[in-house]
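Worksheet for the structure shown next.
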Amino acid sequence: MGRLDGRVIIVTGGAKGIGKVYSEGLANEGATVAIADIVDGAGLAEEICVAHGAGRAVAMAFDVSSETDVKRVVGDVMKRYGRIDVLVNNAAMFSTLQPTEPWDIDVELWDRVMAVNVRGPFLMVKHVAPAMIKAGYGKIINIASGTAYRGIPHMAHYVTSKGAMIGFTRALARDLGPRGIRVNTLAPGLIMSDSILANTEHIEEMRDAVIAARSIKRDGLPEDLIGALVFLSGAESDFVAGQTLAVCGGTTTT
Ligand SMILES: NC(=O)c1ccc[n+]([C@@H]2O[C@H](COP(=O)([O-])OP(=O)(O)OC[C@H]3O[C@@H](n4cnc5c(N)ncnc54)[C@H](O)[C@@H]3O)[C@@H](O)[C@H]2O)c1
């Protein structure tokens with residue numbers, strides 16, 4: 001028996017990087033997973049269905065910053081499964097961003113990061129919350145980052161957007177908690193996702209500094225996040241709201 005048996009979970013950005021491991025980890029615990037991503041998640045959905053049974057995963061292509069797309073995805077999940085128990089707001093512009101001095105960030109790029117990383121999670125909540133309110137139960141997990149606590153150089157757009165997730169969670173916990181919806185933040189430290197390993201030029205220099213700042217002196221892997229994600233998605237965290245759980249080997253203490 002899985003800890004998430006019968007739960008229907010939307011994972012935004014669930015097709016690649018850490019999100020892919022989230023989709024697999026949640027399915028391993030019995031959840032049915034809707035993989036909503038700007039990249040194609042059909043192959044991953046197929047693998048999950050082969051491993052766990054037909055209908056246990058579906059891939060939906062969308063741009064999280066578009067309200068039309070978000071409405072379509074949420075509507076499709078409701079039509080297909082009739083419920084949404086958990087929303088994981090994981091999609092973000094991250095691994096594709098180049099380190100840039102704040103004064104060199106183009107206004108268009110700043111706005112795009114905010115549209116994907118902040119408006120996106122808001123749009124998801126706007127369209128998922130009514131179904132959860134009707135059911136009287138739900139879980140929302142906003143993915144922030146340890147960088148919002150510590151700051152890191154040359155990523156002001158990204159760090160600002162992840163700081164917003166912490167405030168967003170605290171506000172939502174107040175509005176949605178009385179309606180049975182538990183909202184929390186998961187804040188990973190530097191995680192060696194396949195996206196990071198593929199795109200970041202200075203990863204080796206960064207890696208040593210990050211590990212030196214940790215209590216637990218090793219790389220963080222996507223699998224390290226699954227225990228916290230499953231906890232926040234399941235019944236075991238039903239009395240937990242408005243919190244940030246930092247999974248970073250003890251760099252950040254919240
Ligand atoms: N890897 C790390 O070190 C780390 C640390 C802290 C937080 N995080 C957070 O974890 C999450 C996943 O990070 P990752 O390392 O897998 O990097 P990533 O860049 O691969 O993850 C982003 C995911 O969001 C999707 N996405 C991007 N723009 C989208 C859009 N407009 N609409 C829909 N989907 C979109 C991507 O396709 C991808 O699946 C992000 O929220 C990131 O901020 C990562």
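Taking other C-beta atoms within 10 angstrom as a stand-in for reagent exposure, Phe168, Phe239 fall in the order Phe239, Phe168, fewest first.
Long hydrophobic helices in the chain, taken as whole DSSP H segments with a C-alpha length of 18 Å or more on their own axis and mean Kyte-Doolittle hydropathy at least -0.5: 120-135, 156-176. Bridging of Lys162 to lysines at a Cα separation below 26 Å is possible for Lys16, Lys20, Lys71, Lys126, Lys139, Lys217, once same-chain residues fewer than 8 apart are set aside. The label-point distance for Thr100 and Asp219, in a model that sets each label 7 Å from Cα toward Cβ, rounds to 2.8 nm. Extension gain for Asn28 to Glu236 (0.36 nm times residue separation, less C-alpha to C-alpha distance): 73.2 nm. Taking 0.36 nm per residue of separation and subtracting the Cα-Cα distance, full extension of the segment from Leu197 to Val50 would add 50.1 nm.
Fewest to most neighbouring Cβ within 10 Å: what's the order for Ser95, Ser215, Ser65, Ser195?
Working: Ser95 16, Ser215 9, Ser65 22, Ser195 19.
By the 10 Å Cβ count, ascending, the order reads Ser215, Ser95, Ser195, Ser65.
A dipole drawn for the chain from +1 and -1 charges on Cβ atoms has a positive end, and of Ala135, Ile191, Leu44 the residue lying farthest that way is Ala135.
Taking a straight line from the alpha carbon of Lys79, these aspartates and glutamates sit under 19 Å away, with near neighbours fewer than eight places off in the same chain left out: Asp37, Glu67, Asp69. Length gained on full extension, Lys71 to Tyr137: 21.7 nm, using 0.36 nm per residue less the C-alpha separation.
Quick check: from the Cα gyration tensor, does the chain come out rounded (a/c under 1.5), prolate or oblate? Don't jump to the answer; show the numbers that get you there.
Numbers: a/c = 1.45, a/b = 1.39, b/c = 1.04.
Note, shape of the chain comes out rounded.
When Thr100, Thr147 are arranged by Cβ crowding within 10 Å, least crowded first, meaning fewest neighbours, the order is Thr100, Thr147.
Read the figures in this text as sums done on the coordinates, not as results from a lab. This is a predicted model, so every value here is computed, not measured. Heads up, the Cβs are rebuilt from the backbone with ideal geometry, glycines too, and the neighbour counts pull from every protein chain shown.
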